[in-house]
Structure formats: structure tokens, C-alpha cells
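One structure below.
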Amino acid sequence: MKKHLIAVAILLLYFIILIKILVFKDMPLVRIGTLMLNFGGTHEGPANLTPFKTIIPYLLGKNGLIIASINIVGNIILFVPIGFLFPLTIVHSSWKKIIATSIATGFIIEGMQAFLHLGIFDIDDVILNGLGVMIGYWCFTLFSRFSPLIKKILIITSTTIILLIASIYIIAYYKNITLPISFEAGAHHTTLDNFKSLQNGSAKCCDLCNGTGGTGVIVAMDSLSITIKGKKGNGENQQIKLTEKTVIRNSAGIITKSILKIGDHVTVIINESETASLVLVCGILYK
């Protein structure tokens, strides 16, 4: 009975975390090398009710391997724990129940986003989320067949790995060590604070990139996109799309695309389709 209550509590807590991340988009900025991914904020648009409409382009690599991996693998992995924990909360679980649970879970998350106008309903996300729940249940069925000794070894090993990864990030945070993959506060919050301080005269200067030198330097551009090169000498070029909704700022405030020029160091916040939601032009404005 005690184990059952603990499993229920963990499942509810994890579901709340999923809602916080996937519905309210309360996520840090993810930096992978020189690539910066922003999954926060709201995204609105027409719902996708056609199965595999977004999955197939990702599998074909049209949006890049990193973007495809994050969207496909991420939408699956996040829901694996639900499938693993579900049998621990239900006495008589079965594949029929887990399939119904996987579909319901995906529809709840996607439906909340659409209802609250915090995201776009995407049937492909429901499919990927449901697949993650089913994989989790499959892992549970395998785990339940192991001997007590094997179960104990797996639990100790997985706990050790989690603690090791957590320790590495804690040490990196306090020692100011840059890791290949890191999680940072969204740059748009810093930008707004800096811009407000500049407006009211509380600051003499403002570098929107906070002394980092930005994501990279603009090496090519046209009316619909910019191409930036990573700030390291061997950094790869990355083409980033610009839209009418893209916010572009320098230290003086919001500017137009026409102000951007080759050679500008910028920090770029992009979404999963490599479209910029925010472009920050590095530099200092002296009053």
C-alpha cells in the first residue's frame, strides 16, 4: 500500500512538471555548442490534425539533425516515465489500458496548450507522446521479470548516473565551466531588464549579449534570413529564418531588419524550425 501511494505521488508530481514544461513553456534556454534553442514563450497558429505531417520532414532531416532529434526524441522520452509508473498505480494494468492512457495523456497536454492559447495542437505530438508512454510500459514489463538482484543493480546504477550528471552540472555552474549542453535563463528576460534600465537612465551602457560575444557573427543575409558563423574560429555556418514576428534589438531598442549588417555579433533565440523569435545585436551604447 505504501509503495502504491508513493508511485501515485511521483506520477502526479511528474505530470505537473510536464504541464509546467510542455503547456506553460517554463523552460530555460538550451545551448548545444553554439546553437541556442528557446522552447519558452507561447506559440500560436493553426492546429495540425494530419498524422505524420511534421514527423516525416523531421525524419528526412529538413530542419536539421539536432532540431529533429530534440523534437522527436524529446517528445518520446519525456513521456516514458508515465508508462513506467502507470502500472505501479493501477493494480490490474494491461496493454489496452496503457494504450488508452497514452492517447489520453497526449490529448490532455496538447488540448491544454490549445485551450489556454499557449501552444499549437499537433496530432504528431500526441502520437510521439503516446509512443513514449507505451515504451515506458514495455520497459516496466521487462523490469518486472528481472530477479531481485538485477532490479537492485539497475536501480543503483541509474541512481548513480543521475547523481553523477547532476553533480557535473552543479560543479560546472559554480566553477563557471562551459559544458557542451547547458541550460541558461532566457536571454529575452535579460534584454527587457537591460532595455528598461537604459530607458530610465539607471545604466550608462548596455551589452545585450552580457559580454558573451553572442551566438556568432553575421556572415550573410537576405530579406528572409541571416547566416551566422559560430564565434569560435571553426564554428559552422547556420542559416536562421526571420519573420515579421522576429524581434530585433540593439542596445538602443527595437530595430528593423534593415539595420542588421554583415559583421554584427548577435545572440539569436530560435524555435524548433530554426526561425528566430529574438535577435540581439551585441555592443555597448554609451550615454
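Where a number appears in this text, it was derived from the coordinates with a stated rule and is not lab data. Bear in mind the structure is a predicted one, so any value in this text is a computation, not a measurement. Ideal geometry is used to build each Cβ from the backbone, glycine not excepted, and the neighbour counts take in all protein chains shown.
Things worth noting here:
- Other-chain or far-sequence residues with amide H under 5 Å of Ser225's (modelled H): Leu242
- Most to least packed among 76-87, 255-266 [average Cβ atoms within 10 Å]: 76-87, 255-266
- Alpha carbon Rg of region 2-145, scaled by the compact-globule rule 2.2 N^0.38 Å: 1.09
- Residue-by-residue Karplus 3J(HN,Hα) for region 170-182, coefficients 6.51, -1.76, 1.60, Hz, glycine and proline x: 5, 5, 4, 5, 7, 9, 6, 9, 8, 9, x, 10, 9
- 3J(HN,Hα) along region 114-119, derived from phi through the Karplus expression 6.51 cos²θ - 1.76 cosθ + 1.60 where θ = phi - 60°, amounts to 5, 5, 8, 6, 10, x Hz, with x in place of Gly and Pro.
- Database remark: amide H of Ser277 closer than 5 angstrom to the amide H of Ile269, Ile270, Asn271 (H placed geometrically; neighbours at sequence offset of 5 or more, or on other chains; Pro and chain starts carry no H).
- Between amide H atoms placed 1.01 Å from N, distances below 5 Å from Asn48 occur with Phe121, Asp122, Ile123, all of them 5 or more places distant or on a separate chain.
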